[in-house]
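Data first, discussion second: the structure below is written as structure tokens.
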Amino acid sequence: MRSKQVFKGNFFHAPTYGKAEYLEETLITVNKRGIIESVLSQSSSDYQAVLAEAKASNLLVDFGDKFVLPGFIDLHIHAPQWPQAGVALDEPLNVWLDECTFPLEARYSDLEFAKKVYSDLVRQLLNRGTTTAVYFATQHLESSIELAKISAQLGQRAFVGKVAMDNPEQTHDYYRDESSEQAIADTEAFIVRVRELAKNVTQGVYPVVTPRFVPSCTDETLRGLGILAHKYDAYVQTHCSEGQWEHGYVLDRYGKRDADVLADFGLVNDKSIMDHCNFVNDHDGELFAEHGAAIAHCPISNAYFANGVLPVNRLKKQGVKVGLGTDISGGFSPSLYDNIKQTVISSRMLTDGVDVTIEQEKRGVSDSRVSVLEAFYLATCGGGEALSLPVGLFKEGQIFDAQVLDPNQPANSLPGFDIYTEPFSRLAKLLYLSTPANITEVWVQGNKVKNPKEI
Ligand code: GUN
Ligand code: FE
């Protein structure tokens, strides 16, 4: 059993959308279960006593003059597509699935191949400060279990889905669930086995009911998965209104929008993550807000596959929970830092030209800009809200997940750090300019997961 620990450092977090806080030379005490018990500023009356006691009993972890951010949460990533990252980005979604992605995913019937890819991916994500990930695995039961085991072993908090895909019209003989019965039975077996595995995993590993998207599933499967999600009170993830082809396909098949179809099958609830959602309208937003469903915003992938931008601010105003996802390999980058930046950049493409005075030349949508602090919130608290987990903040009662950043690493020393001493300028620099070289330590639930540099 680990003892209670005391962390000392310069912490940044974002308690509200658009507002960050800087906790300088602060002490954070963490209990044996990795939960924050207290956050003590230098002005606190207990500060000196707690510091002295922690030093005396060898429980102090001092991050010195480095900076500490909450661990990032990747709300949507396809683990089996990792080998394909950075290639095949120029095809439309349906062609990309048929010609590139399904043939690659079919290879995960080979457990050895799966182990090799998955352990590399989990390490590389930890390396980049991703302490929680919500994964799509593949259609295969055994290798999907393997992904859950590997993330559990390497110390990452993982939400994993065995992908259900049984519609013969939108899948291939070489890669699909044999029948709706099998898709449902394997999903149930997956839930039971991952829950068993989770009993020994401090940081948590969770099964996720995962219909790939409406086109790849039959009605029987969608209905059966909705029933399972309810029976096991399980998380759900699926692609929703991602791109024009897919959105149009659902309208043709049901005469309804994705959000309504998924809700009819019982797949929209307060543990559901709806991926992408570029084509959602106000009605869909209301439906998500009402049911407590969250959206995984994947800005890099959306630029390539949907040629689109999620209207983040509009949805947040409607009360929809939003976090960030990499969507490897629809998005080429495994880094949430890159997706934070792209969230900001994409939102600038959506917004109106605030300084355009000629009426005819105005374009875009007002109030669409997402600031870097807002994007930081999405990558931390936004993900925590989506998963209904107390992660993303350095606050009493929250889980201690952290990444330690050194702006002075020789491989990537951040320019002007000694000139721009105002804390939020420094935070912006850390978010815009850090690379894995700057992330010297990563902690999940009070456990130091492998030092990324040793990986
Ligand atoms: N829709 C169905 N499958 C996929 C996938 O693997 N990636 C993306 N981006 N969209 C999908
Ligand atoms: Fe995806």
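The values are calculated or read from the model by the stated rules, or taken from the named source; none is laboratory data. Keep in mind the model is a prediction, meaning the values are calculated, not measured. Cβ placement follows ideal geometry from the backbone for every residue including glycine, while neighbour counts extend to all protein chains displayed. With ligands, DNA and RNA removed, areas are computed over all heavy atoms of the protein, side chains included. Shrake-Rupley method; radii C 1.70, N 1.55, O 1.52, S 1.80 Å.
Worth pointing out:
- If you go through region 229-248 and keep only what is in contact (Cβ under 8 Å) with a residue 40 or more places away in the chain and either open to solvent by 10 Å² or more (accessible area, probe 1.4 Å) or within 16 Å of ligand 1 (Cβ to nearest atom) (or both), you end up with Tyr232, Tyr235, Gln237, Cys240, Ser241, Glu242, Gly243, Gln244, Trp245, Glu246.
- Long-range neighbours under 8 Å by Cβ, at least six apart or interchain, first residue in a loop (DSSP other than H, G, I, E, B) within region 123-135, second open to solvent by 30 Å² or more (accessible area, probe 1.4 Å): Arg128/Pro436
- Within region 348-380, if we keep just the residues that are polar (S, T, N, Q) and at pLDDT below 95, the residue that is farthest from Glu21 (Cα to Cα) turns out to be Gln360.
- Region 272-288: number of residues that are open to solvent by less than 40 Å² (accessible area, probe 1.4 Å) and away from ligand 1 (no atom under 13 Å from the Cβ): 7
- Condition check for Gln124 on (1) open to solvent by 10 Å² or more (accessible area, probe 1.4 Å); (2) more than 15 Å from ligand 1 (Cβ to nearest atom); (3) farther than 22 Å from Ser335 by Cβ: one failure, at (3).
- Restricting attention to region 256-268, the residues that are surrounded by fewer than 20 Cβ atoms within 10 Å (Cβ to Cβ) and out of contact with any Asp or Glu (no Cβ under 9 Å at 6 or more places or on another chain) add up to 2.
- Residues satisfying the stated conditions in region 207-220, i.e. surrounded by 22 or more Cβ atoms within 10 Å (Cβ to Cβ) and more than 14 Å from ligand 2 (Cβ to nearest atom): Pro207, Val209, Cys217
- Any chance Asp275 is more than 15 Å from the chain's Cα centre (by Cα) and acidic (Asp, Glu): no
- Residue that is nearest to ligand 1 (Cβ to nearest atom), among those in region 214-224 that are within 21 Å of Ile295 (Cα to Cα) and in contact with a helix residue (DSSP H, G or I) (Cβ under 6 Å, 6 or more places away or on another chain): Pro215
- Screening region 92-107 for residues that are closer than 28 Å to Val449 by Cβ and within 16 Å of ligand 2 (Cβ to nearest atom) and picking the one that is surrounded by the most Cβ atoms within 10 Å (Cβ to Cβ) gives Glu105.
- Test: Gln153 is more than 16 Å from ligand 1 (Cβ to nearest atom) and within 27 Å of Leu387 (Cα to Cα): yes
- Residue within region 13-35 that is open to solvent by less than 30 Å² (accessible area, probe 1.4 Å), part of a strand (DSSP E or B) and either more than 30 Å from Ile340 (Cα to Cα) or of a type in the set (S, T, N, Q) (or both) present: yes
- Among the candidates Val61, Val68, Val87, residue that is of a type in the set (Val, Ile, Thr), open to solvent by 60 Å² or more (accessible area, probe 1.4 Å), away from ligand 2 (no atom under 13 Å from the Cβ) and not in a helix (DSSP H, G or I): Val87
- A single member of Asp418, Asp401, Asp406 is exposed (fewer than 15 other Cβ atoms within 10 Å of the Cβ), charged (D, E, K, R) and out of contact with any Asp or Glu (no Cβ under 6 Å at 6 or more places or on another chain), and it is Asp418.
- Test: residue in region 434-448 that is over 14 Å from Gly129 (Cβ atoms) and of a type in the set (Lys, Arg): no
- Total residues in region 146-173, condition of a type in the set (D, E, K, R) and open to solvent by less than 40 Å² (accessible area, probe 1.4 Å): 4
- Against the conditions (1) within 14 Å of ligand 1 (Cβ to nearest atom); (2) open to solvent by less than 10 Å² (accessible area, probe 1.4 Å); (3) not β-branched (Val, Ile, Thr), Leu324 satisfies every one except (1).
- Candidates Arg176, Arg193, Arg253, Arg223 - the one that is open to solvent by 10 Å² or more (accessible area, probe 1.4 Å) and either among the β-branched types (Val, Ile, Thr) or touching a Leu at 6+ places or on another chain (Cβ under 9 Å) (or both): Arg193
- Of all residues in region 301-321, those that are within 13 Å of ligand 1 (Cβ to nearest atom) and in a helix (DSSP H, G or I) total 6.
- Residue match in region 101-108 (condition: assigned to a strand (DSSP E or B) and touching a residue at least 40 places away in the same chain (Cβ under 8 Å)): no
Let's see how each residue does on (1) part of a helix (DSSP H, G or I); (2) at pLDDT 95 or above; (3) of a type outside the set (A, V, I, L, M):
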site: Asp177; (1), (2), (3): no, yes, yes
site: Ile184; (1), (2), (3): yes, yes, no
site: Thr187; (1), (2), (3): yes, yes, yes
site: Phe190; (1), (2), (3): yes, yes, yes
site: Val201; (1), (2), (3): no, yes, no
site: Thr210; (1), (2), (3): no, yes, yes
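- The selection criterion, being aliphatic (A, V, I, L, M), within 16 Å of ligand 2 (Cβ to nearest atom), modelled with pLDDT under 95 and touching a helix residue (DSSP H, G or I) at 6+ places or on another chain (Cβ under 8 Å), does not hold for Ala137.
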